[in-house]
Amino acid sequence: MPTKPIPRRRGHWFWGCLMEMIQDRSGFLVEKHEEHGDVFVSRALIRDLLFVRDPAVVYGINVTHWADFYKPDYIKQMWKPFLGNGLVPNDGESWKRQHKLILPGFHKKRVDAYAPTMVEFTERMLDRWREGERRDMRLELNALALEVVAATLFDIDIGKEDSKIIREAIGDVSEILVKDADNMVPRPDWWPSASNRRKKRAIAKIEDIIRRVHQDRLTSQKDRGDLFSHMVFVEDEQGRMSDEQLRDEAMTLIFAGHETTAHALVWTWYLLAKNSDKVAKMREELESAVGDRRLQVDDLPKLPYLEMVVKESLRLYPSVWAYARQAQRDLVIEGYEIKKGQTVTIGHIAMGRNPKYYDEPMEFRPERWNRDFERRLPRGAYTPFAGGPRVCLGKQFAMMEMRMILGTLVRRLEITVPDGFEPDFITELSMHPGERGMPTDVKFHHGLV
Ligand code: HEM
């Protein structure tokens with residue numbers, strides 16, 4: 001097959017596209033793909049970056065050639081102080097071993113067993129709320145998702161204090177890591193800058209909590225059936241995980257397991273607040289399938305519209321808005337030549353807004369996710385959780401959690417944001433609405449459900 005030329009975006013003579021990207025990362029992906037097509041290349045200082053939103057190429061990277069791509073060096077560097085060598089930045093043989101050890105902890109049966117906790121914690125949160133008060137859904141949903149992860153994956157009832165410490169620490173780390181990654185002159189970790197000190201303090205706070213739980217499991221020598229116990233006691237021919245690896249995996253799960261889901265729910269809240277007809281449709285479905293009892297995991301197959309809402313929200317406002325890979329050898333995918341060392345950014349947010357695959361892409365239309373549409377959608381055109389062997393390990397967990405929480409919220413609350421409110425779109429490690437949050441004036445729903 002003859003190779004295809006890759007269009008080049010020429011940015012600033014010195015920065016290339018770097019400054020444009022820093023100013024608005026997701027906007028850059030969406031706009032520049034519109035301008036230059038589904039595959040283009042651009043320079044950021046000395047590094048050439050390949051941007052992809054062509055489903056066949058995405059499929060080639062995620063599935064066919066997955067073993068030829070690692071996480072980019074600069075991303076590993078960024079993650080190192082925080083997630084160490086946890087599953088997200090890990091690669092090669094070490095990733096294979098860790099993946100094999102941890103995967104059984106995400107077995108469907110085990111994950112399904114977490115559903116009642118998800119509903120109970122959501123109900124408990126709503127019981128504390130009062131009519132008319134203003135709440136920030138970004139803060140509330142982050143706290144809720146963190147409580148869920150702590151209880152289900154670590155079997156700890158996280159106190160208010162620990163919860164606040166973790167959330168603030170993750171907020172600090174997230175902001176600093178992205179700034180560090182954007183920095184033209186990277187500062188080594190030992191550099192005594194204010195931001196390095198703040199980052200270290202934040203990480204140490206989470207490490208303290210992980211160490212406490214680890215010590216507790218080792219002292220009791222008891223597998224309590226949670227994922228953390230599984231990771232402490234699981235063995236292969238090389239023995240158990242080292243303490244350091246365990247710390248890295250725990251850190252990864254705390255981070256990857258709550259902020260991503262919380263922010264995905266925040267965007268779903270926003271979309272529903274602007275589309276009250278969709279909320280009515282969700283309520284109708286819940287009423288006929290569940291009646292007035294609590295939502296259970298067995299109800300989910302009877303709630304296709306709820307699932308469509310979640311899928312559509314992850315298309316339009318994906319919390320993990322992009323992910324990146326680095327080629328480990330020269331290869332050709334769908335006619336595009338990719339050189340060894342080439343960094344590739346898969347802009348899921350840009351893919352989700354590609355009019356070739358999504359009619360009127362800026363419209364929030366859960367109904368589009370009918371069977372026929374899904375059958376026609378090319379492979380690689382919808383990857384909010386990435387795909388192939390490196391697919392998100394928490395995909396089932398997150399899809400279930402989002403539906404359990406959303407289904408519970410919709411039945412008890414009016415989904416609103418204040419009149420005229422428009423959020424900011426901050427693209428850090430995940431996409432979130434920033435300091436202004438996602439306010440809502442609490443109004444309980446007194447309908448039939
Ligand atoms: C809506 C929620 C979520 C979204 C959108 C999401 C998305 C993603 C994406 C795109 C990746 C690939 C990242 C990359 O390759 O650079 C990923 C990886 C991962 N996610 Fe999630 N995630 C979510 C929730 C969760 C949850 C709840 C957990 C854990 C309980 C989790 C654990 C992980 C892990 C461990 C990986 C690394 C997998 C590997 O490379 O082997 N995620 N996620």
Q) Given (1) closer than 29 Å to Glu414 by Cα; (2) modelled with pLDDT under 75, where does Val185 come up short, assuming only one miss? A) (1)
Q) Which of the residues spanning region 268-327 are small (Gly, Ala, Ser) and either surrounded by 18 or more Cβ atoms within 10 Å (Cβ to Cβ) or not in a helix (DSSP H, G or I) (or both)? A) Ala273, Gly291, Ser313, Ser319, Ala322, Ala324, Ala327
Q) Has region 264-276 got at least one residue that is within 16 Å of the ligand (Cβ to nearest atom), over 18 Å from Met308 (Cβ atoms) and of a type in the set (Gly, Ala, Ser)? A) no
(Q) Given the options Tyr114, Tyr59, name the one that is in contact (Cβ under 8 Å) with a residue 40 or more places away in the chain and away from the ligand (no atom under 14 Å from the Cβ). (A) Tyr59
Q) How do the pairs read when you match residues in region 360-389 that are outside any loop (DSSP other than H, G, I, E, B) with residues anywhere that are among the aromatic types (Phe, Trp, Tyr) and surrounded by fewer than 19 Cβ atoms within 10 Å (Cβ to Cβ), using Cβ under 8 Å and keeping only pairs 6 or more apart or on different chains? A) Pro366/Tyr305; Gly388/Trp66; Pro389/Trp66
Q. Would you call Pro361 within 30 Å of Glu93 (Cα to Cα) and at pLDDT 95 or above?
A. no
Q | Near pairs, Cβ below 6 angstrom, 6+ apart or cross-chain, from region 281-296 (under 19 Å from Ile415 (Cα atoms)) to any residue that is polar (S, T, N, Q) | A | Leu295/Thr408
Q.
Being in contact with a strand residue (DSSP E or B) (Cβ under 9 Å, 6 or more places away or on another chain), within 30 Å of Asp236 (Cβ to Cβ), of a type in the set (A, V, I, L, M) and outside any strand (DSSP E or B): is that true of Leu101 here?
A. yes
Q. Just for region 395-445: of the residues that are away from the ligand (no atom under 15 Å from the Cβ) and aromatic (Phe, Trp, Tyr), which one is nearest to Val297 (Cα to Cα)?
A. Phe444
Q: Considering each of Gly387, Gly380 in turn, give the residue that is farther than 29 Å from Val148 by Cβ, within 16 Å of the ligand (Cβ to nearest atom) and surrounded by 16 or more Cβ atoms within 10 Å (Cβ to Cβ).
A: Gly380
Q. If you take the residues of region 198-254 that are of a type in the set (S, T, N, Q) and in a loop (DSSP other than H, G, I, E, B), which of them is farthest from the ligand (Cβ to nearest atom)?
A. Gln221
Q | Tabulated pairs, region 204-230, first among the aliphatic types (A, V, I, L, M), second part of a helix (DSSP H, G or I), C-beta under 6 angstrom, 6+ apart or interchain | A | Ile206/Ile166; Ile206/Ala169; Ile209/Asp162; Ile210/Arg247; Ile210/Ala250; Leu227/Gly105; Leu227/Leu153
Q: Determine, yes or no, whether Val63 is farther than 30 Å from Asp243 by Cα and crowded, with 17+ Cβ neighbours inside 10 Å.
A: no
Q) Has region 357-372 got at least one residue that is crowded, with 20+ Cβ neighbours inside 10 Å, within 14 Å of the ligand (Cβ to nearest atom) and either within 20 Å of Met399 (Cβ to Cβ) or among the polar types (S, T, N, Q) (or both)? A) no
Q.
Go through (1) within 18 Å of Val57 (Cα to Cα); (2) within 16 Å of the ligand (Cβ to nearest atom) for Gly341 and report which single condition fails.
A. (2)
Q | Search result, residues across region 1-26 that are small (Gly, Ala, Ser) and touching a residue at least 60 places away in the same chain (Cβ under 8 Å) | A | Ser26
Q. List pairs: first in region 344-355 and closer than 17 Å to Tyr74 by Cα and part of a strand (DSSP E or B), second β-branched (Val, Ile, Thr) and within 11 Å of the ligand (Cβ to nearest atom), Cβ under 9 Å, 6+ apart or cross-chain?
A. Val344/Ile61; Ile346/Ile61; Ile346/Thr383
Q. Is there a residue in region 153-166 that is within 30 Å of Thr440 (Cβ to Cβ), assigned to a helix (DSSP H, G or I), touching a Gly at 6+ places or on another chain (Cβ under 7 Å) and at pLDDT below 90?
A. yes
Q: Could you list all residues from region 25-77 that are assigned to a loop (DSSP other than H, G, I, E, B) and within 22 Å of Pro389 (Cα to Cα)?
A: Arg53, Asp54, His65, Lys71, Pro72
Q) Does Glu20 fit the bill of being among the acidic types (Asp, Glu), out of contact with any strand residue (DSSP E or B) (no Cβ under 7 Å at 6 or more places or on another chain) and over 28 Å from Ile176 (Cα atoms)? A) no
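The values are calculated or read from the model by the stated rules, or taken from the named source; none is laboratory data. These numbers come from a predicted model, not from an experiment. Please note: Cβ atoms are built from the backbone with ideal geometry, for glycine as well, and neighbour counts cover all protein chains shown.
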